[in-house]
Amino acid sequence: MMGADVLITGAAGNLGGFLARRLLSTDLRQRLMFHRRPLASDLRLDARVEACQADLAEPQTLEPACRGVGCVVHFAGVLFAPRPEKFLPRTNTAYAGNLIEASLRAGVRRFILISFPHVEGPTTPEMPASGRLDAQPISVHARTRLAAERALFSASERGGMEAVVLRVGTVYGRGVLMIEAARRLLARRLLGVWPNPTWYHWLALPDFLSAVESAIRRPALSGVIGLGDDQPLTLQVFLDRAADHWGLPRPWRAPPAVFFLAAGLVELYAGLFRKASPLTRDFIRIGMVPHVIDTRRMRDEVLPQLAYPTLDEGLSLL
């Protein structure tokens, strides 16, 4: 393999694919890692991209993928499967650990882990997430990603690799899977939300991509950095405004127990028939955790100016 400025894992996925396309317009040389699902044809056939097939479960495949790379951006993971308590300790934590160790051995300069503020547990505008590593979140998804963060910082202390954790608010924009799913469900009057206001910190897709590119390029960077816009909104307000923008019915309200029951039924069906599970009880748990971010480090070190500072400017992206 030739050298690369950046290795993106999960490049065949949603946000990883968006980042890869963004970097095609730059001078950064990319190596895009995939496992079973192939890269999209526009990426696979681009002469500026080096495709690399590897398996996060097989450490021996990872060091060659990392060799000659300046920066790793780690997206890869599993989300839509039943019983996440069984697989997330492996896919979120052990697999990340395999890649971290391979990056150390290969001499990678910087490792960027894409994470989320839920790992700190509930946060609000009055008490935003501040980069703590000692929280005990309620969802398996958040606990296992926090464990991956800790593993990254521990490894960086041993090996001198720059460790960067980007705790990203909820990314929105056309083509983002969760946003497109919300649109489809609203059109069928199938989208509901619990009535209690739940704070979310949002981030427009172009600003997310700009922030990650900046984190790749910055000469010296390490630690936890929260990414979010200037105006957190509750999930309920965001969905209502998105529905109005699309000319669709607003989501109906129902007690939390309804969502846990629905998720349990979806997981049962998915487990019995070996299907994907677009809804899980752990997904509901993490969705009900309010998350608001202290974005001062983002402003000071990564992205001083947002193109879409609030949903008022970003609504046109939906």
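Every number here is computed from the coordinates shown, using simple stated rules; none is lab data. In this text the structure is predicted, and so the values were computed from the model without any measurement. A quick note on method: Cβ atoms are made from the backbone with ideal geometry, for glycine too, and the neighbour counts reach across all protein chains shown.
Data table
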| quantity | calculated |
| --- | --- |
| In order through the stretch 292-297: 3J(HN,Hα) via Karplus (6.51 cos²θ - 1.76 cosθ + 1.60), integer Hz, x for Gly, Pro | 10, 10, 7, 9, 4, 5 |
| Helix 205-217 axis, angle to the chain major axis (alpha carbon atoms, nearest 10°) | 20 degrees |
| Overall dimensions of the stretch 196-241 as given by Cα atoms, namely Rg and Dmax in Å | 13.7, 43 |
| 20 Å binning of all Cα-Cα separations within the chain, expressed as whole percents from 0 upward | 32, 61, 7 |
| Column: log10 I(q)/I(0), Debye, Cα scatterers of the stretch 50-113, q = 0.13, 0.14 Å⁻¹ | -0.35, -0.40 |
| Loop sites in the stretch 18-127: trypsin sites (Lys or Arg not before Pro), DSSP, at most 16 other Cβ within 10 Å | Arg36, Arg48, Arg109 |
| Semi-axis lengths (Å, descending) of the ellipsoid that matches the C-alpha gyration tensor of the stretch 168-318 | 30, 18, 14 |
| Alpha carbon convex hull of the stretch 5-66, projected area averaged over orientations, nm² | 3.9 nm² |
| Lys/Arg +1, Asp/Glu -1 at C-beta; the stretch 207-250 dipole; positive extreme among Gly247, Ala211, Gln231 | Ala211 |
| From phi via Karplus (6.51, -1.76, 1.60), per-residue ³J(HN,Hα) for the stretch 187-203 in Hz, x at Gly/Pro | 4, 9, 6, 10, 8, x, 8, 5, x, 5, x, 10, 5, 10, 9, 9, 8 |
| Relative contact order of the chain, defined on C-alpha pairs under 8 angstrom at six or more residues apart (%) | 19 percent |
| The stretch 94-244: mean projected area of Cα convex hull, nm² | 10.3 nm² |
| All Cα pairs of the stretch 31-145, percent lying beyond 17 Å | 63 percent |
| Packing-based ranking, highest mean first, of 305-315, 7-17, 289-299 given that Cβ atoms within 10 Å are counted | 7-17, 289-299, 305-315 |
| Cβ-placed point charges (K, R +1; D, E -1), dipole of the stretch 49-106 about Cα centre in debye, nearest 20 | 160 debye |
